[in-house]
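First comes the structure, then the notes that go with it.
The values are calculated or read from the model by the stated rules, or taken from the named source; none is laboratory data. Values in this document were obtained by computation on a predicted structure and should not be read as measured data. All Cβ positions, glycine included, derive from the backbone under ideal geometry; neighbour counts span all protein chains shown.
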Amino acid sequence: MNTQEYISLENQYGAHNYHPLDVVIRRGEGIWVWDVEGNKYLDFLSAYSALNQGHCHPRIMQAMIDQAKMITLTSRAFRNDRLHLLYKKLVDISGLPKVLPMNSGAEAVETALKAIRKWAYTVKGVPKDQAEIIVCKENFAGRTITIVSFSTEEQYKSGFGPMTPGFKVIPFGDADALRKAITPNTAAFLVEPIQGEGGINMPPDGFLKEAGEICRENSVLLVFDEIQTGLGRTGKMFAFQHEDVKPDGITIGKALSGGFYPVSAFISTEEVMGVFKPGDHGSTFGGNPLAASIACAALDVIVEERLADRSAELGNYFMDRLNAIDSKHVKEVRGRGLLIGVELKKEAGGARRFCEALLREGMLAKETHEHVIRFAPPLIISKDEINWALERIDKVLTTL
């Protein structure tokens, strides 16, 4: 079948909850993918940063194959001989002592929300069902009913009410607003160090550190959503490490499996994770031996191939070159490491048409929040390959 035939079948049988670019991908290797007609494209989205290690990394693939030949699922009704290895790696890279594995990123966030609320009632002493969690405008943490309840994007909530209560929204990066929003019932501040889906929004320098100080002063948990920004994407293992701040919890997912399998986790303190007792929370697939083996290999690749360092070095180079492009359409270039957004002026006609033009040039990128092109290539990309991409980005931004 050709591309259009695949698209027609998908439109006929699938729910229309996505608006993908019209390319049908069949194969991937490293930073490259090929469509059903053999055309080659440079992947500059990395499955929303789930492919920091690139497509089909051979080391992670071998770990998956080897474990699949042994055992894939035991459920947490029993123990397996792989999970402790993942725990140790995550404790070592995060500096936090306890791990609760899940599957999707949204599940990791839901786990964090449950831990936060139970901590508020059992440790902090917040009255029953009165716990408040502070979040930021333009946040994105997933698609469950509770998570969309604290979104400020109306489309994510429309038709899905009633919404879950218990959340306060403040402007992103506003330390004074955080301080004013805290009450005796405030349990936590849940925040992305950089807002990915919100448009690659950067907080002011020093905000994360100040937020940590405010939270400590008020016995409020500081929890970072690092599902998109973590595991090397911004030039550090975690984006919060760009500032001198220590969180009480971290949610991770996406690149934790290198794209082979849904693996996520909530990492936290002894005190916070100690609120869970047998039966309080769980997951059939969370922490299974296949997931643990894949995640261990994915983490080893990030560490041993120094992907965070590559992201820092190449991200600075890429940002400098993007800023040098003389385009009437560009309002701002922002980001950190290899998580970069190019915000276009409103009169540019939206980012979608630029992403479609990049597709025709052999590059895959995606718009976010209508006017922002997100660039997030696999961290294994080389400088020469970034230059190859820059030629096409320059062409599209200056001639479209």
Picking from T186, T122, T144, the residue that is polar (S, T, N, Q) and either more than 26 Å from F276 (Cα to Cα) or touching a strand residue (DSSP E or B) at 6+ places or on another chain (Cβ under 7 Å) (or both) would be T186
Scanning segment 1-46 for residues that are part of a helix (DSSP H, G or I) and of a type in the set (S, T, Y), the one surrounded by the fewest Cβ atoms within 10 Å (Cβ to Cβ) turns out to be Y13
Going through (1) assigned to a helix (DSSP H, G or I); (2) surrounded by 18 or more Cβ atoms within 10 Å (Cβ to Cβ) one by one, P101 fails only at (1)
- Item | I302 being assigned to a strand (DSSP E or B), in contact (Cβ under 8 Å) with a residue 12 or more places away in the chain and under 28 Å from L208 (Cα atoms) | no
Flagged in segment 156-199 as part of a strand (DSSP E or B), hydrophobic (A, V, I, L, M, F, W, C) and surrounded by fewer than 22 Cβ atoms within 10 Å (Cβ to Cβ), in numbering order, are F167, V169, I170
G286: passes all of (1) part of a helix (DSSP H, G or I); (2) under 20 Å from K88 (Cβ atoms); (3) of a type in the set (G, A, S) but (1)
Selection from segment 132-145 of residues surrounded by fewer than 20 Cβ atoms within 10 Å (Cβ to Cβ) and in contact with a Phe, Trp or Tyr (Cβ under 9 Å, 6 or more places away or on another chain) yields K137, E138, R143, I145
Across (1) polar (S, T, N, Q); (2) over 29 Å from A308 (Cα atoms); (3) not in a helix (DSSP H, G or I), Q53 clears everything bar (2)
| message | Regarding segment 350-369, can at least one residue be identified that is closer than 13 Å to G199 by Cβ, at pLDDT below 95 and out of contact with any Phe, Trp or Tyr (no Cβ under 8 Å at 6 or more places or on another chain)? | response | yes
*asked:* Can you find a residue that is within 18 Å of the chain's Cα centre (by Cα), among the hydrophobic types (A, V, I, L, M, F, W, C) and assigned by TED's automatic domain parsing to the domain that holds R82 anywhere in segment 268-288?
replied: no
Among residues of segment 63-80 being among the polar types (S, T, N, Q) and assigned to a loop (DSSP other than H, G, I, E, B), the residue surrounded by the most Cβ atoms within 10 Å (Cβ to Cβ) is N80
For D129, the lone unmet condition from (1) more than 22 Å from G259 (Cα to Cα); (2) crowded, with 24+ Cβ neighbours inside 10 Å is (2)
Of the residues in segment 359-386 that are more than 22 Å from Q228 (Cα to Cα) and in contact (Cβ under 8 Å) with a residue 60 or more places away in the chain, the one that is surrounded by the fewest Cβ atoms within 10 Å (Cβ to Cβ) is K383
Do the conditions hold for S104, that is, is it over 27 Å from V245 (Cα atoms), in the same structural domain as N218 (by TED's automatic domain parsing) and among the small types (G, A, S)? no
A careful count of residues in segment 370-392 that are out of contact with any Phe, Trp or Tyr (no Cβ under 8 Å at 6 or more places or on another chain) and more than 12 Å from I31 (Cβ to Cβ) gives 7
Just one listed residue, out of E110, E138, E153, E197, is of a type in the set (D, E), touching a Gly at 6+ places or on another chain (Cβ under 7 Å), touching a residue at least 12 places away in the same chain (Cβ under 8 Å) and more than 19 Å from K246 (Cβ to Cβ), and it is E138
Of K209, K236, the only residue that is at pLDDT 95 or above and outside any helix (DSSP H, G or I) is K236
